[in-house]
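The structure under discussion appears below in the form of C-alpha cells.
The values are calculated or read from the model by the stated rules, or taken from the named source; none is laboratory data. Remember, predicted model here, so these are calculated numbers, not experimental data. Virtual Cβ from ideal backbone geometry, glycine too; neighbours counted across all protein chains shown.
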Amino acid sequence: MTLLTRWDPLRDLATMQNRINRFVRESYSPEGPEEALTTTSFAPPVDIYEDEHTITVKMEVPGIDEKDIDVRIENTTLTVHGERKIEKDEKEENFRRVERQYGSFTRSFTLPSSVDTGQVSAHYDKGILKISLAKKAEAKPKQIKVNVGSEKTLEGKVHGKAA
C-alpha cells in the first residue's frame with residue numbers, strides 16, 4: 001500500500017525549532033542540565049488494530065508502574081497519561097550514557113463512533129498496556145445468508161407467478 005504525503009517545506013523547520021527550544025529549556029533547567037537531559041516528555045510506541053468485535057491499543061511502557069498510568073475516555077477521545085520516574089539510587093551513579101527516557105507522556109487518540117465507551121478494559125503485563133475497546137452492536141458486521149435455488153420475492157411469488 002502506497003501512502004502519499006503532502007510535502008510541507010516548513011515541517012522540517014518547525015521540527016528543528018522544537019528541538020532547539022527543548023535543548024535550551026533543558027540546558028537551563030532548575031534541576032541542572034544532567035537532570036533535564038534524562039527527564040523529558042516522550043511518546044511510547046503504540047500498535048492499534050481491530051477485528052469485527054473490538055479495537056485494541058497496545059502501548060509499550062516498560063519500567064512504569066501501573067499506578068503511574070492513567071487511562072481516560074472523554075467524549076470520543078482516549079487519553080493515556082503516565083510517568084517513568086528516575087530512580088533515586090541511580091542518580092548517584094556515574095553514568096557514561098543515558099538512552100532510556102524518563103518523565104511524563106500523554107498520548108491521545110480520537111475514537112470512531114462505533115466504539116462503545118461503556119465497555120472498555122485495560123490490562124498491564126510485562127511492560128505492555130493493552131486497552132480493549134468494544135464496538136457497539138450496530139457497528140458489528142452482520143452476515144446475510146444467501147439462499148440457493150429458486151428466487152422468491154417477499155410475497156412468496158416466483159417471477160410474477162404464485163408460489
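Table for the structure above
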quantity	calculated
Test: Asp68 is of a type in the set (Asp, Glu) and modelled with pLDDT of 75 or more	yes
Any pair with Cβ under 6 angstrom, 6 or more apart, that starts in region 111-130 at a residue that is more than 18 Å from Asp65 (Cα to Cα) and ends at one that is modelled with pLDDT under 90 and exposed (fewer than 13 other Cβ atoms within 10 Å of the Cβ)	Leu111/Thr76
Region 71-113: number of residues that are within 30 Å of Glu138 (Cβ to Cβ), surrounded by 14 or more Cβ atoms within 10 Å (Cβ to Cβ) and either at pLDDT below 90 or of a type outside the set (Phe, Trp, Tyr) (or both)	6
Residue identified as loosely packed, with under 15 Cβ neighbours inside 10 Å, free of Cβ contacts under 8 Å to residues at least 24 places away in the same chain and within 12 Å of the chain's Cα centre (by Cα) among Asp47, Asp65, Asp51	Asp47
